[in-house]
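Comments concern the structure below.
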Amino acid sequence: MEEKINQISIVYKQKIDQAKNLSDLDLIYIDLFGKNGEMTLLPRQFSKLIKEELKIISPLFNKIKNYLSEQIELKRAQIKEDSYSKLSTETLSINEKINFTLPKAKLHPLTVFERQTADIFKKIGFSQFEAPYIDTDYYNFEALNIPEEHPARDLWDTLYIDSEKYGIQPGKLLLRTHTSNSQLRILKRYNPPIRIMNIGTSFRYENLDARHEHTFDQFELVFVDKNLSLADLQYLSEYYLKEAFGQQMKARLRPKYYPFVEPGAGIDALCIFCKGQGCKICGNTGWIELAGAGMIHPKVLENAGINPKEYSGIAWGIGPERMLMLKYGINDLRLFRNGDLDFLEKLEIEEKR
Ligand code: DAH
């Protein structure tokens, strides 16, 4: 038996040394340690041995077993190492070096765009604020003049958190549907005059298609002062467009309903493709919808303890993905988050132009 074990060791060590590739090694491994492998079957004969023999054989068997599996692993590592270096010398010889590392990390084009947008508003005194992504229905809806059971809630397809297991009543905890959940927090935290912006991700229960994602970004402004009016909203919107897309840009306000602003406005930008002439992208109107905005509803100001007779406010929100889609004619919203490096790289080049 002792001889047999030593024999296996010598024969297989030789086979391992001669193995040319990983599949050779796999076969050797199966021959040794597979279901019917030599080292698997051998211990079945140990029952025939007497105690004294077993005292010698058993440690020897274990030693050789460990030795052979170690040799297989070493050889495996060596084969891998050899094939990598062979690959890079071969490719070097055809003048094409393969880089096995990932491309250098860069900021996502959306982040770059958002930082640029933030800089545009920093210049006129806005500072940044963070609001939670998981929030209560109070900050996301109630405080914004959207009571429970009010049909306006249907404007936002909401993802509710299964909160019962945390002892929270169902329907009270949700993923924020918009960055407007920052509004009341901002109004409560700061005394007017207020100039704050909030950038971040929002979530909705959407049927996914080229124009709808469950996860997307929003950019929100809250501006409170004495005697603000729609004229200031018009100015603010046009200021942004001119800074972001050039001095020829114009903004147009249209009446639009949002429960937390009164009057509410949809803000259109002069179509960046046809500069107002009318084209396919703007549906021949010369204008493209850019933002939701309005004068902060007196009730919302009151909820924060601000006297609506003394102060007025502007709330303004855009979708950064939508802005980039318009800017570069991107036709599928889902591209922003599906990790398609080709798309991201092309977009980055566009941004640099
Ligand atoms: N929160 C709105 C949405 O998600 C967008 C919006 C509309 C923001 C009007 C505002 C606003 O600040 O005044 O659809």
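Please go through the stretch 14-24 and pick out each residue that is loosely packed, with under 15 Cβ neighbours inside 10 Å and in a helix (DSSP H, G or I).
Correct list: Gln14, Asp17, Gln18, Leu22, Ser23.
Of all residues being open to solvent by 20 Å² or more (accessible area, probe 1.4 Å) and in a loop (DSSP other than H, G, I, E, B) in the stretch 284-300, which is nearest to His178 (Cα to Cα)? Just the residue, please.
The selected residue is His297.
Quick check on my filter: what residues within the stretch 336-352 are out of contact with any Pro (no Cβ under 7 Å at 6 or more places or on another chain) and open to solvent by less than 40 Å² (accessible area, probe 1.4 Å)?
Within the stretch 336-352, Phe336, Phe343 meet the criteria.
Considering only residues that are small (Gly, Ala, Ser) and not in a strand (DSSP E or B), look in the stretch 248-283 and name the one that is nearest to the ligand (Cβ to nearest atom).
Looking at the filtered set, the residue picked out is Gly283.
Can you list residue pairs whose Cβ atoms sit under 6 Å apart, with the first residue in the stretch 313-324 being under 20 Å from Ile186 (Cα atoms) and in contact (Cβ under 8 Å) with a residue 12 or more places away in the chain and the second being more than 8 Å from the ligand (Cβ to nearest atom) and open to solvent by less than 10 Å² (accessible area, probe 1.4 Å)? Count only pairs 6 or more apart in sequence or on different chains.
Final answer for the pair search is Gly313/Val224; Ile314/Leu233; Ile318/Phe219.
Provide a single number: the residues in the stretch 259-272 that are touching a residue at least 60 places away in the same chain (Cβ under 8 Å) and open to solvent by 10 Å² or more (accessible area, probe 1.4 Å).
1
Under the condition of being open to solvent by less than 30 Å² (accessible area, probe 1.4 Å) and of a type in the set (Gly, Ala, Ser), which residue from the stretch 25-63 is nearest to Lys13 (Cα to Cα)?
Checking each candidate, the answer is Gly37.
May I ask you to list the residues in the stretch 122-141 that are surrounded by fewer than 19 Cβ atoms within 10 Å (Cβ to Cβ) and in a strand (DSSP E or B)?
If the condition is that a residue be surrounded by fewer than 19 Cβ atoms within 10 Å (Cβ to Cβ) and in a strand (DSSP E or B), then Ser127, Gln128, Ile134, Thr136 are the ones that fit.
Only one residue in Asn331, Asn307, Asn303 is open to solvent by 30 Å² or more (accessible area, probe 1.4 Å) and within 16 Å of the ligand (Cβ to nearest atom). Which one?
Just a single option satisfies the conditions, and that option is Asn303.
Just to be sure, is Gln234 among the polar types (S, T, N, Q) and either more than 16 Å from the ligand (Cβ to nearest atom) or assigned to a strand (DSSP E or B) (or both)?
no
Give the residue that is nearest to the ligand (Cβ to nearest atom), with candidates limited to residues of the stretch 168-188 that are part of a loop (DSSP other than H, G, I, E, B) and not hydrophobic (A, V, I, L, M, F, W, C).
His178
The values are calculated or read from the model by the stated rules, or taken from the named source; none is laboratory data. On a predicted model such as this, the values are computed, not experimentally measured, just so you know. Positions of Cβ are backbone-derived with ideal geometry, glycine not excepted, and every protein chain shown enters the neighbour counts. These accessible areas exclude ligands, DNA and RNA; they are computed on the full protein's heavy atoms, side chains included. Shrake-Rupley method; radii C 1.70, N 1.55, O 1.52, S 1.80 Å.
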